[in-house]
Amino acid sequence: MSRNHLPSHLLRATLVAATLLATTAFAQDWVRSGTGLGAEKVRIAAASFKPVGDAQNSPLKQTFDNTLYNDLQQAGIFDVVSKSIAPPLEPGSPQEIQLASWSAAPANAQMVAFGSLGTDGSRLHVNGWLFDAKNTQSPQVLGKQYDEASNEGNARLIAHRFADAIILALGGGINGIAETKIYFVSARSGHKEIWQMDYDGQGATPLTKQGAIALSPRVSPDNSRVAYVSLSDRGSNIRMYSLELNRPVAFGGTSGTDYSPAWAPDGKLAFSSSRTGDPEIWVSDSNGGAARRITAYRGPDVSPCWNPKTGAQIAWISGRTGLPQLYIMDADGANVQRMTDGGYATSPSWSPNGQFLAFAWNRKYGPGAPGGQDIYIMDIASKRWIQLTHEAGRNDFPSWSPDGRHIVFESTRGGRSEIFTMLADGTQQHPLTRGGSNTQPNWSWK
C-alpha cells in the first residue's frame, strides 16, 4: 500500500468513532480537522411544525417540514432522529415543548427544532426554535421569525434559512449551505446550456438559452456572474451571464481559443488559452482585459483553479511530462510543484480552507491496466490522498461546497451523466439530477 493512500473504510471509521486507531492516526487527523467533520455528531430531532391559522391543510407545511429535515440530515454534522421514532408531537411554542419526551429513549435527542407555521392567504409566517433537550433550566439556543409571500418556494426558502441558522449555531461557526446554488451543464432542453439548482437538486432552471454548446460554468465570488465557455463556429470563447440582470453581459476577452474559466477570490480570472499555440494558463481582470500568460511549456496546460482562501496559488492540469498530471504554482507562475505521481489526472477543485485539492484521477491508466476515473482528495502540504469514489462509473468535475463539508461531482454510474453530491469523506453519495445528461457542476462560493 502506498504510504500516501488512506483506505476509505478507515477514514469513515474516524468520522464516527470517539477515538482513533493508533496505527493510522497520522493519516486521519488532517482529514478530520481539514474538512470540519468531527468524530462525534450532535443528535438532533426536527419536530413537525404546528399548523396555525389557514395552514391546517396547507401543502406548504409538508414542504417546510420535509425540507428542514432533509437539510439537517445532509449537513454532515448531525445524527438526525428518524421520524419513525420521534415523539408524535407538534410543539408550536416554548410553552408547549416537553423536553423529557425528546431527550428520553428512543429519540435520545440532544437538540430539538420545533415551531409553528401559519398562513393568512397571502403571507407565510414561521416561528422556529432550537432547544437543548438536556438543559431544562435554560434550554433555548435559537429563536427565529420569518415572514414571506405564501408559496412553495418560500416554504423551502424559510426552511433553508432556519436550517442554516441551526448549522451555524451548532457547527463551529461555519455557515450552512442550504441557501447555496449549484451551476451545471444540462442537455435536457436539446442543447448543452448552463443551468442552476438549489444545493439539494430542487428548483433547477436554465440560465443560458443560446441554442449552441455551453460548458464549464464558474460562478463569481460575489454570486453576481457566471463565466462559461461557448462553442460555436467562431471558436471557443468565454462568456458572462449576469445573475443580477438575468441575462448575458459583455465580456471583452474573446480569442476563439479560450477554455475553462476560474475565478480568484478578488475577482480576477484564470483560464486556458491556445491563442499563442499550445494551451497555456492565462490570467486577466474580471472583464477579460490585461491578460497575461503565466505558463510557457510544451504540452497542454488546462483547468486552472485558485486557492480560494489566499488567492496566491493556482492548481491546474498539465501534460508537460506526458499524461495529464496535477500541479500547483504561485499566481504569477512561479514555484511550480507536481502533485500526482502517475496515472491520468483531471478537473482540480481547491477546498475553501486552502488545505485540500479534490480532483478526478485514473491511477491505473494505460493499455491493459484495469482502473476507473474516481474522485480523490489530496492534502497539499503532505501530498497524502484518499479515494472517495470507487470504480462506480466515470467520476469527474468535483467542486467543493463553501462550508468545506461537501463535494458535488459528475458521475456516469447509472449509465448516463448525472450530478451527485457527497460528504467530504466520501459518504452519503446520492444523485441531485435524474435525466437529461447533466455535467460539470460548480458550487457557489456562498
Review point. How much of the accessible area of the range 243-325, probe 1.4 Å, is carbon plus sulfur, in whole percent?
Key: 50
Review point. Rg to Rh ratio, the range 250-303, alpha-carbon atoms and Kirkwood radius?
Key: 0.94
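Taking the alpha carbon gyration tensor of the range 71-188, what are the square roots of 5 times its eigenvalues, largest first, to the nearest whole Å?
Details: eigenvalues 136, 73, 38 Å².
Over the Cα atoms of the range 71-188, the semi-axes work out to 26, 19, 14 Å.
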Practice item. Heads up, I need the accessible area for R247: 1.4 angstrom probe, whole protein in place, Å², nearest 10. Key: 120
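Carbon and sulfur: what percent of the range 333-404's accessible surface (1.4 Å probe)?
47
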Exercise for review: Report the percentage of all Cα-Cα pairs in the range 115-157 whose separation exceeds 11 Å, rounded to a whole percent.
Suggested key: 66
Exercise for review: Please sort 334-342, 103-111 by packing, taking for each peptide the average over its residues of neighbouring beta carbons within 10 angstrom, highest first.
Suggested key: 103-111, 334-342
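With a/c under 1.5 counting as rounded, go ahead and sort the range 141-198 into rounded, prolate or oblate using the C-alpha gyration tensor (a ≥ b ≥ c being the square roots of the eigenvalues; past the cut-off, prolate if a/b is larger than b/c, else oblate). It would help to have the intermediate numbers written out before the result.
Numbers: a/c = 5.68, a/b = 1.79, b/c = 3.17.
Note, shape of the range 141-198 comes out oblate.
Report, as a whole number in µm² per second, the diffusion coefficient that Stokes-Einstein gives for the range 339-446 at 4 °C and 1.567 mPa s using the Kirkwood radius over alpha carbon pairs.
On the way: Rh = 13.9 Å.
Roughly 93 µm²/s, to the nearest whole number.
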Review point. Counting Lys +1, Arg +1, Asp -1, Glu -1, what net charge surrounds I166 among other residues with beta carbon under 15 Å of its beta carbon?
Key: -2
Revision key, fill the gap. So the angle from the long Cα axis of helix 59-74 to the longest Cα principal axis of the chain, reported in degrees to the nearest 10, equals 60
Review point. Long-range amide H contacts for G354: which residues qualify at under 5 Å (H placed 1.01 Å from N, peptide plane, sequence gap of 5 or more or a different chain)?
Key: K309
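Given the rule -39500 (n - 2.57) for each run of at least 4 DSSP H residues, summed and divided by the residues of the chain, what is its mean residue ellipticity at 222 nm, to the nearest 500 deg cm²/dmol? Walk me through the intermediate numbers first.
Details: 5 runs with 60 residues, N = 446.
Helix contribution divided over all residues of the chain: -4000 deg cm²/dmol.
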Check your understanding: How big is the Kirkwood radius of the range 180-242, worked out from every pair of different alpha carbons and given in Å to one decimal?
Key -> 11.9
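How much net charge surrounds T295 when only other residues with a Cβ under 14 Å from its Cβ are counted (Lys, Arg +1; Asp, Glu -1)?
Values: positive: R275, R292, R293, R298, R320, R338; negative: D278, E280, D301, D330, D332.
Charge balance in the 14 Å sphere: +1.
If you average the sequence gap of Cα pairs under 8 Å that are 6 or more apart and divide by the length of the range 283-379, what percent do you get for the contact order? Before the final figure, lay out the partial values.
Values: 207 pairs, mean separation 18.2, N = 97.
With pairs under 8 Å counted, the relative contact order is 19 percent.
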Review point. Using the heavy atoms of the protein chains alone and a 1.4 angstrom probe, what is the accessible area of the chain per residue in square angstrom?
Key: 41
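Under the rule a/c < 1.5 gives rounded, and otherwise a/b versus b/c splits prolate from oblate, where does the range 369-413 land using the Cα gyration tensor?
Verdict is oblate for the range 369-413.
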Point to revise | Neighbourhood charge, 11 Å Cβ-Cβ cut-off, centred on D285 and excluding it, Lys, Arg +1 and Asp, Glu -1 | key: +1
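The values are calculated or read from the model by the stated rules, or taken from the named source; none is laboratory data. Just so we're clear, the structure is a prediction, and the values are computed from it rather than from any experiment. Neighbour counts are summed over all protein chains in view; Cβ atoms, including those assigned to glycine, are modelled from backbone coordinates with ideal geometry. Just so you know, the surface numbers come from the protein's heavy atoms only, side chains and all, with ligands and any DNA or RNA stripped out. Shrake-Rupley method; radii C 1.70, N 1.55, O 1.52, S 1.80 Å.
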